[in-house]
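All remarks here apply to the structure that follows.
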Amino acid sequence: MGKLTFILGGARSGKSSHAQRLASESGKAITFIATAQALDEDMVVRIQKHRQDRPQEWVTREIQKDVAKTLESDPIKTDVVLFDCVTLLVNNLFMDYVTEDQVDEALALKAMQQEIDSLLAYIQGTQQDWIMISNEVGLGIVPAYQMGRAYRDILGWANQRLAREADHVLFMVSGIPMVVKG
């Protein structure tokens, strides 16, 4: 079984660049799994920038949800997998349960748990080393609206589950990795 490195941090904390550096320093072939969706102009620009920042020799897979199911039918053939990011994966699932400005928190939580459990089971059955990135959104102000609170909580639960299973957990602060586990 390969190892799982889980990298957390706030916005612009250096998560992605540190993860890319770790992957590159392995000297192994790399697959990059991108979970972002280009739903507005800002995301289009961000996705283009991320594509430009990645080395050309990396294999890129764009998978917005049902990650394990997708990979079971079309497996990764490289030694290292960089997964960017859990934050958007959870958002992609979450939005399936939003109507107007409310979310069915129980259904969104169940979908997230199934996604993370199946992804962890898939990872545990591989020989690849995985580097997963997620935002830590629970350090700030409690959101004033139900959707924001539900999203914060569901992402927090996903992060806890991944951190428990990870071999290494890093918390990025201003571009500096702080070892939390491993």
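The values are calculated or read from the model by the stated rules, or taken from the named source; none is laboratory data. What you see is a predicted model, and the numbers here were worked out from it, not measured in a lab. As a convention, Cβ positions derive from the backbone with ideal geometry for all residues, glycine included, and neighbour counts pool all protein chains shown.
Restricting attention to segment 8-41 and to residues that are of a type in the set (Ser, Thr, Tyr) and part of a loop (DSSP other than H, G, I, E, B), the residue that is farthest from residue 95 (Cα to Cα) turns out to be 26. Restricting the first member to segment 35-52 and to residues that are under 26 Å from residue 119 (Cα atoms), and the second to residues that are modelled with pLDDT of 85 or more and polar (S, T, N, Q), the beta-carbon pairs closer than 7 Å and six or more apart or on different chains are 35/64; 35/92; 37/64; 37/92.
Is segment 45-53 home to any residue that is closer than 21 Å to residue 134 by Cβ and either in a loop (DSSP other than H, G, I, E, B) or in contact with a Cys (Cβ under 6 Å, 6 or more places away or on another chain) (or both)? No, segment 45-53 contains no residue that is closer than 21 Å to residue 134 by Cβ and either in a loop (DSSP other than H, G, I, E, B) or in contact with a Cys (Cβ under 6 Å, 6 or more places away or on another chain) (or both).
Screening the candidates 38, 11, 23 for the property of being of a type in the set (A, V, I, L, M, F, W, C) and at pLDDT 95 or above yields one hit, 23.
The set of residues in segment 129-152 that are out of contact with any helix residue (DSSP H, G or I) (no Cβ under 8 Å at 6 or more places or on another chain), closer than 24 Å to residue 33 by Cα and surrounded by fewer than 21 Cβ atoms within 10 Å (Cβ to Cβ) contains only 152.
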